[in-house]
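Heads up, the thing below is written out as C-alpha cells.
We did not get these values from a lab; they are worked out from the coordinates using the rules stated. Because the structure is a prediction, the values reported are computed rather than measured. Cβ sites come from the backbone with ideal geometry, for glycine too, and all protein chains shown count toward neighbours.
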Amino acid sequence: MVKKLKQELLAVTTNHGIIQAEQAGLIKEGLDKAEILQAVERGGMMPVSARILTQISKENINIMRQVGKRVSEKHLNMELRDVNSSLKLYPHFYIIDEEEALFFITPKEDSSVTKRHETGLWTNSEAFVCTLKAFFEDLWHDAKDINEKIREIETENR
C-alpha cells in the first residue's frame, strides 16, 4: 500500500505497534520513503503528507523522540500526535490516498505479541474508507502533539 502512496497516509497504531515497526525497520523505511517523496514533490509532483496517531508511552518514548527529531530535521510533511484511548478493542489502521484502508482490531489488554488475536481487513470500499477517515479526524482533533506528550512523560519520571 505504501509503495502506491501518491498523496496522503493516515495511520493509527498502538504503542506496541510503534515498537514492532521500529524493530522490523519499518519506521526507518517509512521515513526514508517520506524524504524521497518530499524531494520528488519539490520537483513539481503532488504534495505528500502523513499524519500518524499513536499511544506514546515510557516503552516507546525513545523511538518517538528519534522519529520526531528526524521529521523536524528533514522538514518532512509529517505530523505525529498522541491518542489516549480507553477503548476495550483498540483499532489500528492505515488509509492511503482516501482510496484504500487496512484495518485491525486488537484486544487492548492482551499486549503479548504471541498471544494477540488480531482481526484484519483490507478494503477499497469508498464508504468504508470515508467512514474510517471521519473516525481518524475525530481522534486527531482530540489528540495531543507528540512533543507535549513527551514533555508530560518526562515530567512524570522526574
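Put simply, the amide H of E8, placed in the peptide plane, has neighbours under 5 Å in S49, D97, leaving out anything fewer than 5 places away on its chain. I need the calculated FRET efficiency for the pair K28 and K6, taking r as the beta carbon distance and R₀ as 22 Å, to the nearest 0.05. Given R0 = 22 Å and the Cβ-Cβ separation, E is 0.50. Computed from the C-beta positions of T155 and I105, the FRET efficiency with R₀ = 25 Å rounds to 0.15.
Between L139 and R65, the distance separating the two model label sites (each 7 Å from Cα on the Cα→Cβ line) works out to 2.6 nm. Identify all aspartates and glutamates with a Cα-Cα distance to K74 below 15 Å; exclude those on the same chain that are fewer than 8 residues away in sequence. Counting by Cα, and skipping residues close in sequence, K74 has these aspartates and glutamates nearby: E29, D32, E35, E41.
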